[in-house]
Amino acid sequence: MKKPIILVFGLIVFLATIQLGLASKPIEIVPSSTNVILTTGEVETVTLNIKNNQPFDDTFTVSVFPSYLAGVSASLEKTMVSIGSNSEKNIELYFSAPLDTEQFMSAFTVTVKSLANTSIEETTKILLQTKRKSPVYISDIKLNKYALNPEEKLIIDVKVTNVDKKASEENYMLKTEIKKGNLTLQRFDDLVESIPARTTITKENSYVIGKYAEPGVYLINSYLKNSLNTVVASKSTTFKVNAIYKLPTDYTKKTTKIGFLTLTTTIVIKNEGNIESPSFFVTETLPSVARDLFISSIQPTYVNESNGRVIYSWLVPSLKPGQSIAIIYQINLLGVWVVILIIALAIYFVFEYSFRPTIVKSHKHFGPITREREIPIVLELKNKSRKEIKNIVVKDTVPAILRVVNKFQTVKPKIKKIKTGVELVWRFSSLKPREERILSYNVKPIIDIVGSIKLPKAEITYTDKNKKRKVAHSKRLIVNPR
């Protein structure tokens, strides 16, 4: 009876010793899972529970091996952790694999080592199996540019790859969208049919950046859906729209309209960029004479005069993308027309006076005016016009205080008595352009005259080229004793 009792007792002591040995392990690692199935293109997380069974605080290093294997990456939330005595902490272990990772199975080893005593460490193994979500996936998104200006073209090349050893039998739908924030600007749908084994195809789409597109970062998302409308792959990239503003520096929108009474100039400035422009000045230079004739729809900010020119400057406030402002000013032509009219009339009268038939009355008398002395009177006719004049009648009047001497050195006139004296009349059929004719006669006073004699105007009447009857007079003639 003693032997069985001794054996039982010994077994109890052995088990207690083993249990005590287990309880006295300084470090323990307990993973949330030791068998992980990782779908390509996704991330799997394993929680590692680390226990410090030592009677003092300690810091531990945590490592995983291998950290990379056949496309699978293993990374730790932390590589160092401090744990109090007889305490525990959790850290995360992440497994990830790109979509083109081959299917395989392998073990990863996690090691926890004490910094206080480098001989103390604990390991655990995690078995990982990769599983392909789909043999067809989006392998890349390429852009022709990653920074564009408004109105430039963006070309998007989405590459779809089949990593299987056989051609894909299923049809897929590739959806690509361009977004700014939560706003979808453009969406493209492309059908992806059978792709040969281990082959990549490219689906190209283009998008023109709007003239006033908001500057900043834009997002491109691509989704690959199978025949069940399930997303089997996705990929994203970004591009930037540059911030610019464009203002015409030479006023290409400047127009001028000439009316009868006004000259109107319109200047339209438009912000052709995609961001708000700063304020700026618009300047126009005009002759100084225009200052009093100037009217503007917007009051100029500054007006200066220099070297016979007047300078008008308008301060234009900042303009939003696509916003424009019009500056309209007028030159009042009424005053100009009045000046032109006056000049035209002056020219007309000068022309008429300078280029028309004239008659000039003069005398050739010197000395006292007595009844014994003759006074020679001369009438000078000139056709200054460019056309022949006809039916010419020349008249002159001799006052009653004088008498006509009956001798004539030129053409003799017809003499006719009138109430105020005597009228002399000469008639001619025509006078050619620039032709001149001299008429003369002599008079004597009927009494001696102490002072001067005033003789009336001589007159010429004629028919011009338009067959109109016209008349011209000489000046009054004064004969003074000398």
| field | Condition met for LYS467 (loosely packed, with under 11 Cβ neighbours inside 10 Å and over 16 Å from LYS361 (Cα atoms)) | value | yes
| Got at least one residue in segment 341-354 being hydroxyl-bearing (Ser, Thr, Tyr), touching a residue at least 12 places away in the same chain (Cβ under 8 Å) and either more than 30 Å from LYS432 (Cβ to Cβ) or not in a helix (DSSP H, G or I) (or both)? | no
| request: Could you grab me the full set of residues in segment 413-436 that are outside any strand (DSSP E or B) and under 20 Å from THR358 (Cα atoms)? | output: PRO413, LYS432, PRO433, ARG434, GLU435
| Of all residues in segment 190-205 being within 19 Å of LYS153 (Cα to Cα) and either free of Cβ contacts under 8 Å to residues at least 24 places away in the same chain or surrounded by fewer than 17 Cβ atoms within 10 Å (Cβ to Cβ) (or both), which is farthest from the chain's Cα centre (by Cα)? | THR202
| message | Can you say whether SER206 is at pLDDT 95 or above and either closer than 30 Å to LYS320 by Cα or not β-branched (Val, Ile, Thr) (or both), as far as the supplied structure shows? | response | yes
| Just checking, which of ARG434, ARG373, ARG386 is touching a residue at least 40 places away in the same chain (Cβ under 8 Å), closer than 17 Å to ILE453 by Cα and assigned by TED's automatic domain parsing to the domain that holds LYS475? | ARG373
| field | Residue that is surrounded by the most Cβ atoms within 10 Å (Cβ to Cβ) [pool: residues in segment 53-93 that are polar (S, T, N, Q) and more than 21 Å from LEU127 (Cα to Cα)] | value | GLN54
| remark: Of the candidates SER385, SER362, the one satisfying the condition of being modelled with pLDDT under 90, farther than 14 Å from PRO481 by Cα and hydroxyl-bearing (Ser, Thr, Tyr) is SER385
| request: Tell me which residues, restricted to segment 441-458, are in contact (Cβ under 8 Å) with a residue 60 or more places away in the chain and assigned to a strand (DSSP E or B). | output: TYR441, ASN442, VAL443, LYS444, PRO445, ILE449, ILE453, LEU455
| field | ARG476 closer than 19 Å to ARG356 by Cβ and either among the hydroxyl-bearing types (Ser, Thr, Tyr) or surrounded by fewer than 13 Cβ atoms within 10 Å (Cβ to Cβ) (or both) | value | no
| said: Condition check: surrounded by 13 or more Cβ atoms within 10 Å (Cβ to Cβ), assigned to a strand (DSSP E or B) and either more than 60 Å from the chain's Cα centre (by Cα) or among the aromatic types (Phe, Trp, Tyr) (or both). Does ARG403 satisfy that? | reply: yes
| said: For the structure I just gave you, tell me whether LYS145 is outside any strand (DSSP E or B) and exposed (fewer than 13 other Cβ atoms within 10 Å of the Cβ). | reply: no
| task | Please find, within segment 406-420, the residue that is farthest from the chain's Cα centre (by Cα) out of those that are surrounded by fewer than 17 Cβ atoms within 10 Å (Cβ to Cβ) and not basic (Lys, Arg). | result | ASN406
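The values are calculated or read from the model by the stated rules, or taken from the named source; none is laboratory data. As the structure is a computational prediction, the values presented were derived from the model and not from experiment. Heads up, the Cβs are rebuilt from the backbone with ideal geometry, glycines too, and the neighbour counts pull from every protein chain shown.
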